[in-house]
Each structure stands twice: as structure tokens, then as C-alpha cells.
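**Student:** Encoded as C-alpha cells, here's the structure I'll be asking about.
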Amino acid sequence: RLAPSLSDMSVRVGLSPGHFARKFRHSTGLSLHRFINRRRIGKSLELLKANTSTLTGAALDLGFASQSHFTRLFSDHTGMTPAKYRKQFRQAVG
């Protein structure tokens, strides 16, 4: 649920936060924050397909501050809202 902070991650690998951030971005092409959000969105795709929780529940389980924050990021990454994705997936499967 809670993403590790840049400071926590840098301590674990023995680098300063700034150096870790540069190395991480160089390796992944993304900031740590964007990387974590992409992973959360990827996991949300699985949760929405499984249809096991509400949108608010999924958002909070994945560590988003609110459903609106989750919806905004989900829409930015996928081009549709989580509710539309879930409905589209149900129609394709069912």
C-alpha cells in the first residue's frame, strides 16, 4: 500500500537521495514516483478485471490518496476511467 520514499530507497542501496534519483531515472526512464504510479495502475487493471472490490476500495488498497486521484491517474495512463474500463472488460468477457 505505502510506496517507499526516495529517502528510504536511497538508504537501502547506500546512495544519497539525489544520486539514487538520477540512477533510477537513468535505469528506468522514469522518476521513482512515476514508476510507482505506473505499477499501481498496472495492478489496478488486474483488480478491476477481477471485479473483487469497489473503485474506492481498489484505490485505497493500492495506496492512492483518494478515488478521484486514482481516477485521474488511471485516465491519464489508459485513456479511460476505471469504471469504463471495468464495464468494457465485463462486456468483452461476458
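The values are calculated or read from the model by the stated rules, or taken from the named source; none is laboratory data. Being a predicted model, the structure only gives us computed values, none of them experimental. As a convention, Cβ positions derive from the backbone with ideal geometry for all residues, glycine included, and neighbour counts pool all protein chains shown. Side chains are part of the model used for accessible areas, which takes the heavy atoms of the whole protein and leaves out ligands, DNA and RNA. Shrake-Rupley method; radii C 1.70, N 1.55, O 1.52, S 1.80 Å.
**Student:** In Å², and per residue, what accessible area does the chain have when probed at 1.4 Å with the other protein chains present? Display every interim value, and only then the final one.
**Tutor:** Numbers: 6270 Å² over 94 residues.
Averaged over the residues of the chain, the accessible area is 67 Å².
**Student:** So if the hydrodynamic radius of segment 1-90 is defined as the Kirkwood radius over C-alpha pairs, what does Stokes-Einstein give as its diffusion coefficient at 25 °C and 0.890 mPa s, in µm² per second? Could the numbers behind the result be given before it?
**Tutor:** Details: Rh = 14.1 Å.
Translational diffusion coefficient: 174 µm²/s.
**Student:** With the Cα gyration tensor of segment 8-48 giving a ≥ b ≥ c as the square roots of its eigenvalues, does the rule (a/c under 1.5 for rounded; else a/b larger than b/c for prolate; else oblate) give rounded, prolate or oblate?
**Tutor:** Numbers: a/c = 4.02, a/b = 2.24, b/c = 1.79.
It is prolate, given that a/c is not under 1.5 and a/b is the larger ratio.
**Student:** Within segment 17-94, how many Lys pairs sit with Cα atoms under 20 Å apart, leaving out pairs fewer than 8 places apart on the same chain?
**Tutor:** Working: K43/K84; K43/K87; K49/K84; K49/K87.
Lysine pair count for segment 17-94: 4.
**Student:** Spin-label point model (7 Å from Cα, Cβ direction): what's the S31 to D61 distance in nm?
**Tutor:** Rounded to a tenth, the inter-label distance reads 2.9 nm.
**Student:** Sticking with this one: Taking the Cα centre of segment 12-94 as origin, sum charge times position over the Cβ atoms of Lys and Arg (+1) and Asp and Glu (-1), and report the length of that vector in debye to the nearest 20.
**Tutor:** 200
**Student:** Compare the Cα positions of A92, S53, F20 along the charge dipole of the chain (+1 at Cβ of Lys, Arg; -1 at Cβ of Asp, Glu; about the Cα centre) and return the one farthest towards the positive end.
**Tutor:** Farthest towards the positive end: A92.
**Student:** Another question, then. Loop only by DSSP, 10 or fewer other Cβ within 10 Å of the Cβ. Give me the chymotrypsin sites (Phe, Trp or Tyr not before Pro) in segment 11-89 that pass, ordered by residue number.
**Tutor:** On the way: sites: F20, F24, F35, F64, F70, F74, Y85, F89; in loops: F64.
Listed in order of number, the matching sites amount to none.
**Student:** So, one more: Give me the percent of the accessible area of the chain that comes from carbon and sulfur atoms, probe 1.4 Å, all protein chains in place.
**Tutor:** Working: 3400 of 6270 Å².
Carbon and sulfur atoms account for 54 percent of the accessible area of the chain.
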